[in-house]
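The next block holds one structure in the form of structure tokens; read it before the comments.
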Number of protein chains: 2
Amino acid sequence: MNEFLKTDPWKLIEEKFDPARVKSSESLFALGNGVMGGRANFEEHYSGESLQGNYIGAIYYPDKTRVGWWKNGYPEYFAKVLNSAFWIGVDVKIDGEELDLARVKVKAFRREVDMRRSVLTRRMTVEMQNGAEVEVEAVRFLSLERREVGVIRYGVKPLNRKAVVTFSPYIDADVRNTDANYDEKFWEEVLTDGDAVQSRTKKSGFEVAWAQRVELEGASFECLTRPEKVMHRAEVEVEAGHSATLYKYTGICSSLNHEKGDLIAAARRVAEEGHAVGFDALLREQEEAWRKRWHSCDIMIEGDDESQQGIRFCIFMLLQTYTGVDTRLNIGPKGFTGEKYGGVTYWDTEAYCLSFYMATAGEQVARELLVYRYNQLDKAIENAAKLGFKDGAALYPMVTINGEECHNEWEITFEEIHRNGAIAYAILNYIRYTGDRHYLAEGGLEVLLSIARFWAQRITWSEARKKFVMLGVTGPNEYENNVNNNWYTSYIACWCLRYATESAAWVREHCPEEYRRICEKRHFDEKAETERWMYINDNMYFGEDKELGIFLQQDNYMDKEQVLVKDLDPRERPINQKWSWDRILRSCFIKQADVLQGIYLFQENFDVETIRRNFHFYEARTVHESSLSPCVHSILATRIGDMDKAYELYLRTSRLDLDDYNREVEEGCHVTSMAGSWMSVVEGFGGMRMKEGVLSFNPALPEEWRSLSFKVNYRGRVLTVKVSHEGLSVDNEGEPVEVELRGERLLLERHAEVK
Amino acid sequence: MNEFLKTDPWKLIEEKFDPARVKSSESLFALGNGVMGGRANFEEHYSGESLQGNYIGAIYYPDKTRVGWWKNGYPEYFAKVLNSAFWIGVDVKIDGEELDLARVKVKAFRREVDMRRSVLTRRMTVEMQNGAEVEVEAVRFLSLERREVGVIRYGVKPLNRKAVVTFSPYIDADVRNTDANYDEKFWEEVLTDGDAVQSRTKKSGFEVAWAQRVELEGASFECLTRPEKVMHRAEVEVEAGHSATLYKYTGICSSLNHEKGDLIAAARRVAEEGHAVGFDALLREQEEAWRKRWHSCDIMIEGDDESQQGIRFCIFMLLQTYTGVDTRLNIGPKGFTGEKYGGVTYWDTEAYCLSFYMATAGEQVARELLVYRYNQLDKAIENAAKLGFKDGAALYPMVTINGEECHNEWEITFEEIHRNGAIAYAILNYIRYTGDRHYLAEGGLEVLLSIARFWAQRITWSEARKKFVMLGVTGPNEYENNVNNNWYTSYIACWCLRYATESAAWVREHCPEEYRRICEKRHFDEKAETERWMYINDNMYFGEDKELGIFLQQDNYMDKEQVLVKDLDPRERPINQKWSWDRILRSCFIKQADVLQGIYLFQENFDVETIRRNFHFYEARTVHESSLSPCVHSILATRIGDMDKAYELYLRTSRLDLDDYNREVEEGCHVTSMAGSWMSVVEGFGGMRMKEGVLSFNPALPEEWRSLSFKVNYRGRVLTVKVSHEGLSVDNEGEPVEVELRGERLLLERHAEVK
């Protein structure tokens, strides 16, 4: 547990100032409104260690690839979401002395994020070197209702004497990424003019304008703006015990949504509107908008305050990161909380995040995530062609923002191809949950058949085995590379072949017009191609150890020295920090769910005993050094009734960042894995699954919890599921719907609650 | 065949000037004297494309590692032999106009290297833009007798009018490497003073001084020296048809051999001595020194001028690169001909070069190569410890100059561990050829037991197979990575275990004192350790395909789609340029001898039929995209009597650079693989092998050759072996010695020739 954070069901609170924790807290207290966000940097100048970060979704720079040894097929660049202008700046002086937390005495400090409304508040009392004691309250939020507005209220109250308070609110567009491959600056100035600045990203040519509208009662501002830096300054004399309060409304407009020539005007308009509405009204809007967001997704855990705070934090971060308003956006592994992983899209989106957004934000939001990949299909086909695949085969990138591959590590870029399976699976997942099968005709089938074509070429015939095999892959377990017949990858590949075949038949039957269009556009010869696909599917090799009754993660896995995680010296963990890469590769230790990832996705295909055997075997060898891992194991542990294990694993996932298990939260929060935490509550303890087209719940509560309740958005209704040790109830806010509770099907009436 | 180069038995000659070929010829005409060397850059200013290169063995810079994705265990730097001061500079003006081949009309051009004496001569006639026509002759060499001297004679003869000729001989120490990872300059100035400059390598702190002594009859020089650039200038008026001839003697002294404070004085002394001896006398010394070098290593091929030139070029380059005078030196893959591969040591030295130097330069030179590794043993132990190995296990680096690993590609650095086997094999090879078994007690055993310890940990027990296995390696075939049970690696590893065991017993028995010292120093428990080693050896898994009767390159190799090289579209070759890395990895194509490398090294263990089956299988799948490959295949082809194939493969190796098969000679020559060409002549066509302690010859001549004769230095004698289609004869210049000719043992008397 994190001794710095107070445990509170709805808030993140810290009550001490510790320079060593500044960067970690910047990550944890980060704000976002789905289209932009940023770290909880201080508004005023801070000369201590800090990682500035303000990010605008989908505004990226193609940073030239850095590589030790070039391999044919590597991409030319890595697209990164950029650190953009520091719009929150408010420098403050007290009697001429700069307020800088690294240089004053901090007598009291409290920072909180109210997760109910996404508002960051900081209150502190400091003693300046000149003897002045002041109280500061800074309140900041990014409007969810008006996605281009950021608001700050910054109040200073001298406590022990009258003081001259100088406010210099500014926007600094002269910023850099710390992760630039070649120490390049990614932005160049277009124009700085009075209260606004416009910048352009080099190469990619995105433009963004920022404008500030500032207000300070009883004072007027002088303009100190210079290239790339908008700045105003005002001074007021404040009596002891009285406050001077600055209001700052910032408009942030990008060329994604505006004409470049109109950007500064747009940003000014937005800032001006914010000012006209006023801080308090904007705050009320914010509260209302967030109330609506929480309505269909809250989770309540009774009897375990830390779990409660943990899961709300996960949901909150996911809501701040993505809202589904724009198909150009997606969910970076760190969301808007840091630069790491470049803010770009991984398979995390399909394998983890989709279920969360689908069941909380609704069908349309989930659909946007599918459309994002559909829009990038042609790039995925180009990507596969670059590697030598033909005839419209598609390989989706490991890492992307615009559909082009950015990653450059051969064992991942070229070999961690199971991502293609996750992208297909998301279509099944979406259709199964929403019933929107027509999506196949609109985009789904094109994606599926292109992915199936890839597998049909990537899988090859082994004359030696008289079976189809898949050679040279990296499974989800990245602690082994270039293995043969990774069970998970082969399993999901064969499933893709079957699902693409079924989907083609469905579209042919139900949407003949779209079917013709697709056949023509994709040169799809259904009969010949699907026959081949099914032939491969029917003759695919899958490794198993019959004696142990388990699926084999990869060929020769059993040749490794079989050591168990429990026998590892704790001082040697995490092994990815303590061991050479070589040693990791040769060990039997597994980074994250691999065979178990497949069993999780296709649970309906395996009986409980099979799941149990595989779980026991692989859990004992899994070090969970990916944040995406414990949640999957937790769900399966619940499935096999091992509630202690399920709970233990859940704790590792839900408070990973709050408790900073891996001592790396200063780089940003593990946003995508938070969706995994949500899954382990709703799909694990809540036991929610689609079973033959019916939403079913088969919950199991950890001993430690008194009760669990969660809300899901299901086909236009919000269902509230309550689980306690005494029983299960479901409340339906919408039209009647059939559900299955603990194996029993029943019709759930509107506003009825079934126990 | 290279249309630019004339075919000549002893010379490399080009007779045309083509700007597009300048860089290639700079590589081919490079000079070296074993301790330093450089590319055949022009002395005078050249504004066209060129790659300047002057290298001093063992003077390196630790260039910070460049990497895409860091892995634990990677080295911090890559040590590179540096491009050092451009000591050959002689700027020339004719009536005030600069002589620059890129800007004048070249009417005649002839450049040659006389391989008999390592002298570079360039003669040309040019027409200046100002109308003057001049003839130029530049002669240059690096003294083999005085290793710190470089000499230039530069003559200019106006042809059509009297002209003022200005010579500006200079040394430019302001130079860079083009392969710097971070565009850094690696040198910094210590002092420039009149006729000398001294520079220091950053970080590594080596210092080198260069001094020039110049002479031009009837003229005096003014000094134009400025920081990092020594320069003198003199003008003479020359009548048409007369010559002005500049002599330049350069002294090049490094802190490897001198006190840093004395370097400039030493360089001046060396230059001054050169001047005192004079150009002609130095040239005679050079001829005599090279005559001696050639005496014990020439190869004559009658009936095939291209092969003749090819093999002499190989021998010449090897002689220029390494002479065994200094254990800090070794043989970089490009020798002194280019920057690529950093001038550092690979397993090429032990697997290819050692045999050449041993049989041509003699025992002591070969021994220096062993001592080089012995001196780096403790670093190899550190290197293994970094990867998690214990108890004095040694892993020699893939790439090194001072014993520390420099390479940073996990699949090579950590996995291409067969290099450890080659380093052990070199000890066997040396002792077998020279009879110097006592080397085991001096250094060999320590190296062997430390390597055996590595294998004993790296090989692990597979409970599934009930055999020892070696997982996660890269064999010599770098077109597959992270494979299990690479036959070659496992074979050489087991051989190491046996040889270390035998060697320990031998030292214990014959050198008890050294044995005690070694046991103590290396904490060697012979009984326990060698029992374990032999247990592993006796229970090791080796893959084979019984049906095909071949050894399996690695587990699951037969799962790959079996395509043959002959069926590859020629437009897709070389595959390392035309295919994605991914596609290469998944294919069955083999970069270079792998199983066959093992069969080559341990030929005595395999009958001809086994060799034949393996040869046919693997040769059909080998693309020979490493210069180290065809020679090994050629030798085995001879062994199985497939002379057409042997000759075809030989042609690919011996003229690889002269004919620039891979269109990359401009980067430098493949110096280490030239030793492979020598092997394919001497060990292949000459059939030379050690058999039970006796030097044996079992030659087979390609149809295309009338005769072959080669010289080898064998235990203090020079033997000359002549092979023709009619017969075989051996001439012995030394003490009587037993040899085996075509299976028949006989005593070869001094100065006797046996037919």
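Every test in (1) assigned to a loop (DSSP other than H, G, I, E, B); (2) in contact with a Pro (Cβ under 7 Å, 6 or more places away or on another chain) is passed by A:L628 save one, and that test is (2).
Screening the stretch B:483-505 for residues that are within 14 Å of another protein chain (Cβ to nearest Cβ) and touching a residue at least 60 places away in the same chain (Cβ under 8 Å) and picking the one that is surrounded by the most Cβ atoms within 10 Å (Cβ to Cβ) gives B:N486. Of the candidates B:E526, B:E514, the single residue that is surrounded by 16 or more Cβ atoms within 10 Å (Cβ to Cβ), in contact with a helix residue (DSSP H, G or I) (Cβ under 7 Å, 6 or more places away or on another chain), away from chain A (no Cβ under 14 Å) and without any contact (Cβ under 8 Å) to a residue 60 or more places away in the chain is B:E526. Each residue in the stretch A:122-154 was checked for being among the small types (G, A, S), farther than 19 Å from A:V90 by Cβ and surrounded by 24 or more Cβ atoms within 10 Å (Cβ to Cβ), and 0 pass.
Going by what's in this entry, would A:N383 be described as part of a helix (DSSP H, G or I), within 14 Å of chain B (Cβ to nearest Cβ) and touching a helix residue (DSSP H, G or I) at 6+ places or on another chain (Cβ under 6 Å)? No; evaluated as a whole, the condition is false for this residue.
Of everything in the stretch B:82-93 that's closer than 15 Å to B:V230 by Cα and not in a strand (DSSP E or B), which residue is nearest to the other protein chains (Cβ to nearest Cβ)? Only one residue fits best here, namely B:S84. Taken over the stretch A:635-693, the criterion of being crowded, with 20+ Cβ neighbours inside 10 Å and on the phi > 0 side of the Ramachandran plot is satisfied by A:G668, A:G687. Note on the stretch A:387-417: residues that are in contact with a Gly (Cβ under 8 Å, 6 or more places away or on another chain) and acidic (D, E) amount to 3. The set of residues from the stretch B:502-530 being of a type outside the set (D, E, K, R) and assigned to a helix (DSSP H, G or I) comprises B:S503, B:A504, B:A505, B:W506, B:V507, B:H510, B:P512, B:Y515, B:I518, B:C519, B:A528, B:T530.
Entry remark, the stretch A:550-566: residues being more than 7 Å from chain B (Cβ to nearest Cβ), aliphatic (A, V, I, L, M) and either more than 25 Å from B:K386 (Cβ to Cβ) or surrounded by 15 or more Cβ atoms within 10 Å (Cβ to Cβ) (or both) number 4 in total. Quick check on the stretch A:654-669. Is at least one of its residues farther than 21 Å from A:S355 by Cβ, touching a residue at least 24 places away in the same chain (Cβ under 8 Å) and among the aliphatic types (A, V, I, L, M)? Yes, the stretch A:654-669 contains at least one residue that is farther than 21 Å from A:S355 by Cβ, touching a residue at least 24 places away in the same chain (Cβ under 8 Å) and among the aliphatic types (A, V, I, L, M). Counting only helices (runs of 4 or more DSSP H) that sit completely within the stretch B:544-613, those holding 2 or more residues that are over 28 Å from B:R432 (Cα atoms) correspond to B:575-578, B:581-586.
Yes or no: the stretch A:542-549 includes at least one residue that is in contact with a helix residue (DSSP H, G or I) (Cβ under 9 Å, 6 or more places away or on another chain), of a type in the set (D, E, K, R), within 14 Å of another protein chain (Cβ to nearest Cβ) and within 26 Å of A:I417 (Cβ to Cβ). Checked the stretch A:542-549: at least one residue is in contact with a helix residue (DSSP H, G or I) (Cβ under 9 Å, 6 or more places away or on another chain), of a type in the set (D, E, K, R), within 14 Å of another protein chain (Cβ to nearest Cβ) and within 26 Å of A:I417 (Cβ to Cβ). With respect to A:K157, determine if the residue is within 14 Å of chain B (Cβ to nearest Cβ), of a type in the set (K, R) and either touching a residue at least 60 places away in the same chain (Cβ under 8 Å) or surrounded by 22 or more Cβ atoms within 10 Å (Cβ to Cβ) (or both). Here the answer is no, as A:K157 does not meet what is asked.
Give me the residue from the stretch A:66-81 that is touching a Gly at 6+ places or on another chain (Cβ under 7 Å) and assigned to a loop (DSSP other than H, G, I, E, B) and, out of that set, farthest from A:M124 (Cα to Cα). Step by step, filter the stretch A:66-81, then rank; the result is A:G68.
Only one entry of B:L246, B:L263, B:L319, B:L329 meets the criterion of being part of a loop (DSSP other than H, G, I, E, B) and under 30 Å from B:S50 (Cβ atoms), and that entry is B:L329. For beta carbons closer than 7 Å, sequence separation of 6+ or different chains, a first residue in the stretch B:62-74 that is at the interface with another protein chain (Cβ under 7 Å from one of its Cβ atoms) and in contact (Cβ under 8 Å) with a residue 12 or more places away in the chain and a second that is basic (K, R) and not in a loop (DSSP other than H, G, I, E, B), the qualifying pairs are B:G73/B:K386.
Residues that are under 21 Å from A:G278 (Cα atoms) number at least 3 in the following strands (runs of 3 or more DSSP E) confined to the stretch A:136-217: A:149-158, A:163-172, A:207-216. Could you check the stretch A:443-482 and list, in sequence order, the residues that are over 28 Å from the mean Cα position of the chain (by Cα), within 12 Å of chain B (Cβ to nearest Cβ) and among the hydrophobic types (A, V, I, L, M, F, W, C)? A:I459, A:W461, A:A464, A:F468, A:V469, A:M470, A:L471, listed by residue number.
With respect to being in contact (Cβ under 8 Å) with a residue 40 or more places away in the chain, surrounded by fewer than 16 Cβ atoms within 10 Å (Cβ to Cβ) and either in a helix (DSSP H, G or I) or in contact with a Lys or Arg (Cβ under 6 Å, 6 or more places away or on another chain) (or both), A:E272 fits the description. Output yes when any residue across the stretch B:342-350 is among the charged types (D, E, K, R), farther than 23 Å from B:S450 by Cβ and not in a loop (DSSP other than H, G, I, E, B), and no when none is. No, the stretch B:342-350 contains no residue that is among the charged types (D, E, K, R), farther than 23 Å from B:S450 by Cβ and not in a loop (DSSP other than H, G, I, E, B). The condition (being touching a Pro at 6+ places or on another chain (Cβ under 7 Å) and surrounded by 21 or more Cβ atoms within 10 Å (Cβ to Cβ)) is satisfied by just one residue among A:V730, A:V712, A:V723: A:V723. When the stretch B:696-730 is filtered for residues that are more than 19 Å from B:G641 (Cα to Cα) and more than 29 Å from the chain's Cα centre (by Cα), only B:S729 remains.
Condition check ((1) surrounded by fewer than 18 Cβ atoms within 10 Å (Cβ to Cβ); (2) of a type in the set (D, E, K, R); (3) within 12 Å of the chain's Cα centre (by Cα)) across all residues:
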site	(1), (2), (3)
A:G251	no, no, no
A:H258	no, no, no
A:G303	yes, no, no
A:M317	no, no, yes
A:T321	no, no, yes
A:E350	no, yes, yes
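Among the residues of the stretch A:567-594, those identified as surrounded by fewer than 20 Cβ atoms within 10 Å (Cβ to Cβ) and away from chain B (no Cβ under 14 Å) are A:D567, A:P570. Among the residues of the stretch A:633-643, is any at pLDDT 95 or above, in contact with a His (Cβ under 8 Å, 6 or more places away or on another chain) and not in a helix (DSSP H, G or I)? Looking for residues that are at pLDDT 95 or above, in contact with a His (Cβ under 8 Å, 6 or more places away or on another chain) and not in a helix (DSSP H, G or I), one finds none in the stretch A:633-643, hence no.
Per the conditions (1) in contact with an Asp or Glu (Cβ under 6 Å, 6 or more places away or on another chain); (2) within 14 Å of another protein chain (Cβ to nearest Cβ), the sole criterion not satisfied by A:S47 is (2).
The values are calculated or read from the model by the stated rules, or taken from the named source; none is laboratory data. In this text, all values refer to a predicted model and were calculated from it rather than measured experimentally. Using ideal geometry, Cβ is built from the backbone for each residue, glycine included, and neighbour counts are taken over all protein chains shown.
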